[in-house]
């Protein structure tokens, strides 16, 4: 279990996920640029750019965790949730722009973007409450929500591994979310979150 409690391993897994997203983004841009079958030029390029930005953000945070620049358990947890919120917003905006460019109804695309932005902002709000130094009832609720989300993500990661197609992504996500779950269950983190 010590493998899953080592920040360097979780940081490396985040970096790999970031690299995978960057590669997917580059491939999407190339396929869009050459007009490959099934890929509309502008939407594929826009989606690719969004994927690259998200990948860079994830890679950057993973690098900080791996190097120990973010070392406090509660700060690692809060930072991960924060990056997830930012990436959710970025993906929502770029996916909406790609949909509009692809001819999807503007209203539908904007609603989708607004939903993603709202979800991202809620995630950012949760991140800001994790390590604000206060122990409130809200912290308990956030702790329970994160526990549920991390368990679901672990199950999804296992399913990705089983599917073989997403095996590397699944393994990395499994490492990340088991690490985050164990962080959440750590007595120090639980204390800081009023559990």
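Every read-out reported here was derived from the displayed coordinates using simple, explicitly stated rules and does not represent laboratory data. This is a predicted model, so every value here is computed, not measured. Here Cβ is always computed from backbone atoms with ideal geometry, including for glycine, and neighbour counts include all displayed protein chains.
Given the options 32, 25, name the one that is without any contact (Cβ under 8 Å) to a residue 24 or more places away in the chain and more than 13 Å from residue 180 (Cα to Cα).
None of the other options fit; the residue is 32.
Quick check on my filter: what residues within segment 124-146 are without any contact (Cβ under 8 Å) to a residue 60 or more places away in the chain, closer than 16 Å to residue 76 by Cβ and not in a loop (DSSP other than H, G, I, E, B)?
Once the filter is applied, which keeps residues that are without any contact (Cβ under 8 Å) to a residue 60 or more places away in the chain, closer than 16 Å to residue 76 by Cβ and not in a loop (DSSP other than H, G, I, E, B), segment 124-146 yields 126, 127, 128, 129, 142, 143.
Do we have residue 188 as exposed (fewer than 13 other Cβ atoms within 10 Å of the Cβ), within 17 Å of residue 78 (Cβ to Cβ) and touching a helix residue (DSSP H, G or I) at 6+ places or on another chain (Cβ under 7 Å) here?
So residue 188 passes the test.
For segment 17-58, how many residues are closer than 13 Å to residue 172 by Cα and either surrounded by fewer than 20 Cβ atoms within 10 Å (Cβ to Cβ) or in contact with a strand residue (DSSP E or B) (Cβ under 6 Å, 6 or more places away or on another chain) (or both)?
Matching residues across segment 17-58 total 2.
Identify all residues within segment 96-114 that are under 22 Å from the mean Cα position of the chain (by Cα) and surrounded by 15 or more Cβ atoms within 10 Å (Cβ to Cβ); write none if there are none.
96, 97, 98, 99, 109, 112, 113
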